[in-house]
1. Looking at this structure, is A:I130 hydrophobic (A, V, I, L, M, F, W, C) and assigned to a helix (DSSP H, G or I)?
2. Let me spell it out: the conditions are (1) in a helix (DSSP H, G or I); (2) of a type in the set (S, T, N, Q); (3) over 30 Å from B:L13 (Cα atoms), and B:S300 meets all of them except one. Which number is the exception?
3. So, in region B:10-52, how many residues would count as being among the acidic types (D, E) and either closer than 18 Å to B:F71 by Cβ or touching an Asp or Glu at 6+ places or on another chain (Cβ under 6 Å) (or both)?
4. Name the residues in region B:34-49 that are crowded, with 20+ Cβ neighbours inside 10 Å, more than 7 Å from chain A (Cβ to nearest Cβ) and either within 19 Å of A:M83 (Cα to Cα) or modelled with pLDDT under 90 (or both), would you?
5. Where residues in region A:58-70 are at the interface with another protein chain (Cβ under 8 Å from one of its Cβ atoms) and in a loop (DSSP other than H, G, I, E, B), which of them is farthest from B:N41 (Cα to Cα)?
6. Working carefully through the options B:F113, B:F155, find the one that is of a type in the set (A, V, I, L, M, F, W, C) and in a helix (DSSP H, G or I).
7. Considering A:Q82, A:Q67, A:Q78, which residue is without any contact (Cβ under 8 Å) to a residue 60 or more places away in the chain and within 27 Å of A:I159 (Cα to Cα)?
8. Could you tell me which of the residues B:E210, B:E184 is touching a residue at least 40 places away in the same chain (Cβ under 8 Å) and acidic (D, E)?
Amino acid sequence: MLEIDVLLDKLEAELRRVIIERRLDNPLMIGIRTGGVWIAEIMHQRLKINDPLGLLDISFYRDDFSQIGVHPNVKPSQLPRQMEGRDIILIDDVFYTGRTIRAALNEIFDYGRPDQVVLAVLIERNGRQIPLSPDCVGTRTTLNAHQRIKLTGPDSLAIHLQNMDAVA
Amino acid sequence: MSDNLQLNPEGKLKHFLTIEGLNKSLLQEILDTAESFIGINDQQIKKVPLLRGKTIVNLFFENSTRTRTTFELAAKRLSADVLSMSISTSSTSKGESLLDTIRNLEAMFVDMFVVRHAISGAAHFIAQHTAPHISVINAGDGQHAHPTQAMLDMFTIRQIKKDFSRLRVAIIGDILHSRVARSEIQALNMLGVAEVRVIAPKTLLPAHVESLGVTVSHNLTEGLADIDVIIMLRLQKERMSSALLPSESEYFKCFGLTEDTLKNAKPDAIVMHPGPINRGVEIDSKVADGPQSVILKQVSNGIAIRMAIMAMAMQKQGSL
């Protein structure tokens, strides 16, 4: 079901469609660390995006800081100084609760006011907690609440299904 | 005053009072966390929401410009609400005791105190007596410690020199009265530098200074040999009650860092100073403003390091 190459092809096709539909003009692609960056690197190459890939680390924008604290070695985000008026393609590996994307949007808007933001994810799963949803997906899947999807890489990307009960 | 009052039961930072009693991995964690905060300076909105809704009070019982403003900026960049109080405008001048001041501020639902005080141990005293949910950061207490200054200097050194293990670091000047020197020596040794050397006239060194883990020189020219990092200290005129020195000009002649004396250190040595600098007393302007000086870099780094320490002290305190 979760064959990485098939999903990447599907996501690429979806992105090509949305670039035309939404008239994304010289878009800026941004990957969310860590898995999102791996997917974004592939899409950035396939779609021949001009600007270098932006990297986003949302650790300082998470809404669970008071529970989990701050991790050292948060890598600084690398975004162009000028985000004002740009069309942005934001990429993550898995869309789950939506909280990561909420944090990512807050961070992006702290760098400037983009024209449009399009969200592309490799896998959308059930469990949304806030009213956001992706524009492009590689696939949609339904999982149990205790199941998690994990992407490993970056050398050879692979999708793993984890059972949280087993981990705990 | 070695205390693990600073750490919670899980070994995480709760108060930041002195370098003593901390460990290498915690110091590295502070440096790594600060590294992450550096990037925020590139943002159009130089702010992250980590401490939104938290209230931080800067309690400055002693004057300061750099330290107070960088603490204030650091707190604001973490989105905390900050209040800066200085002694001259507060009610302690009306006779209120230190603990009463603290109790009143606690009643205003404060989450953190940043304390500077002329008495050694003041921040420690507040940490012992304040409500359990409050964190205390020492912004300089008497002649005891100034740990955030030490950490921002460690950060600056690591930024430029990368690896501590081969470094020879000279601390020059009024070691006796300097809380900065004490904290620097502890941090440098904890991070494992090859040598910490203090260079000063005998009258400006504490008794048994070698026991702090330093080598000693009383001659600037000789003492600078093989040195990678030079930390100049301010001649603390306001703390000098007795005649420890013949005169300022005499001091400059023997221990002032000039372009000429600087040549005795390694050619790529960096020059640091915690500020405020006394030009022509401990350091010549040509050196302070010269290519080897990283004095203003230290100031910029002060914001990131204070953000890191505040954020770490405010994260969830486990079982507390």
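1. Working: hydrophobic (A, V, I, L, M, F, W, C): yes; assigned to a helix (DSSP H, G or I): no.
In short, no.
2. (3)
3. Taking region B:10-52 and keeping what is among the acidic types (D, E), we get B:10, B:20, B:29, B:32, B:35, B:42.
Applying the additional criterion that residues be either closer than 18 Å to B:F71 by Cβ or touching an Asp or Glu at 6+ places or on another chain (Cβ under 6 Å) (or both) yields none.
Count: 0.
4. Step one: filter region B:34-49 for residues crowded, with 20+ Cβ neighbours inside 10 Å, giving B:34-37, B:40, B:48.
Okay, now just the ones that are also more than 7 Å from chain A (Cβ to nearest Cβ), so B:34-35, B:37, B:40.
Correct list: B:I40 only.
5. Step one: filter region A:58-70 for residues at the interface with another protein chain (Cβ under 8 Å from one of its Cβ atoms), giving A:59-61, A:65-70.
Now restrict to residues that are in a loop (DSSP other than H, G, I, E, B): A:69-70.
Numbers: A:G69: 21, A:V70: 18 Å.
Among those that are at the interface with another protein chain (Cβ under 8 Å from one of its Cβ atoms) and in a loop (DSSP other than H, G, I, E, B), it is A:G69.
6. Numbers: B:F113 fails: in a helix (DSSP H, G or I).
Result of the check over B:F113, B:F155: B:F155.
7. Numbers: A:Q82 fails: within 27 Å of A:I159 (Cα to Cα); A:Q67 fails: within 27 Å of A:I159 (Cα to Cα).
When all the criteria are applied, what remains is A:Q78.
8. Details: B:E210 fails: touching a residue at least 40 places away in the same chain (Cβ under 8 Å).
Testing whether each residue is touching a residue at least 40 places away in the same chain (Cβ under 8 Å) and acidic (D, E) leaves just B:E184.
The values are calculated or read from the model by the stated rules, or taken from the named source; none is laboratory data. Source: prediction; values computed, not measured. Reconstructed Cβ throughout: ideal geometry from the backbone, glycine too, with neighbour counts over all protein chains shown.
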